[in-house]
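The structure under discussion appears below in the form of structure tokens.
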Amino acid sequence: MSFAAVIFDFGGVITSSPFEAFNRLEAQRGLPRDCIRQINAADPDTNAWARFERAEIDAAAFDDAFTAEAQARGLDIRGADVIGCLAGDVRPRMVDALDALKAAGFILGCITNNVRAGKGSAMVFDNARAAEIGAIMERFDHVIESSKAGVRKPDPRIYAMMCEALNVAPQACIYLDDLGVNCKPAAAMGMAAIKVTGEAQALADLRGLLNLSDDWPGA
């Protein structure tokens, strides 16, 4: 297969997963592990998190709605605390891979489910990190943010929007995401989907699909 474009999720791929920060918060509060993910996974199209990612509610409304969802499960977690966990740490080797792919002539896209909170696409809360994220975002030929598009993964429309913007067929795309539920629609369209469980694994799988040498800059 000859690929023309590589499309990335952002959080959990280019940066560390917010799920790691969720788990740290849960441990600090003595809460059940993964309870935040479970709240966000319940009623996945209509819950507070889904509506926040589609920009149907603002941060204050999310705080109230998520807090109520947690309380319904007997858990004391505010939505504002969840927002504070969203900004992950940049993975330098993934950024190196972006540069290497760009230099090799690949088209780069980013599809990110995010919210209108903090500064910039990755929802950080300080200027230096916002500038760092902004510089990474400039490497992509096109970025789709759920909070701006009004549609979020795994809705198939968002992947079709990216293919149209990049002017490429799905079969010419590789898609990377840390959530299997988000990989499935991409694969169903014909993309080669990589479920990311870690930086080294993602780079190895990408290298294999593109038949790149073991010493390419992103390795």
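Structural remarks
- Dividing the radius of gyration of the alpha carbons in the chain by their Kirkwood radius gives 0.97 for Rg/Rh.
- Estimated dipole of the chain in Debye, rounded to 20 [Cβ of Lys and Arg +1, of Asp and Glu -1, Cα centre]: 160 debye
- Cα gyration tensor category, rounded, prolate or oblate, for the stretch 28-146 with a/c compared to 1.5: prolate
- Normalised by residue count, the stretch 18-83 yields a Cα convex hull volume of 72 Å³ per residue.
- The calculated 222 nm mean residue ellipticity attributable to helices in the chain amounts to -13500 deg cm²/dmol, summing -39500 (n - 2.57) over DSSP H runs of n ≥ 4 and dividing by all residues.
- Considering only Ile83, Asn127, Met162, and ranking their Cα positions along the charge dipole of the stretch 78-198 that arises from unit charges at the beta-carbon of Lys, Arg, Asp and Glu, the one farthest toward the positive end is Ile83.
- Taking the chain as the region of interest, the number of lysine pairs whose Cα atoms are within less than 18 Å, with members eight or more places apart or on different chains, is 4.
Bear in mind these aren't lab numbers, they're just calculated from the coordinates by the rules spelled out. Here the structure is a predicted model, which means the values were calculated and not measured. Methodologically, a virtual Cβ is constructed for each residue, glycine included, from the backbone with ideal geometry; neighbour enumeration extends over all protein chains shown.
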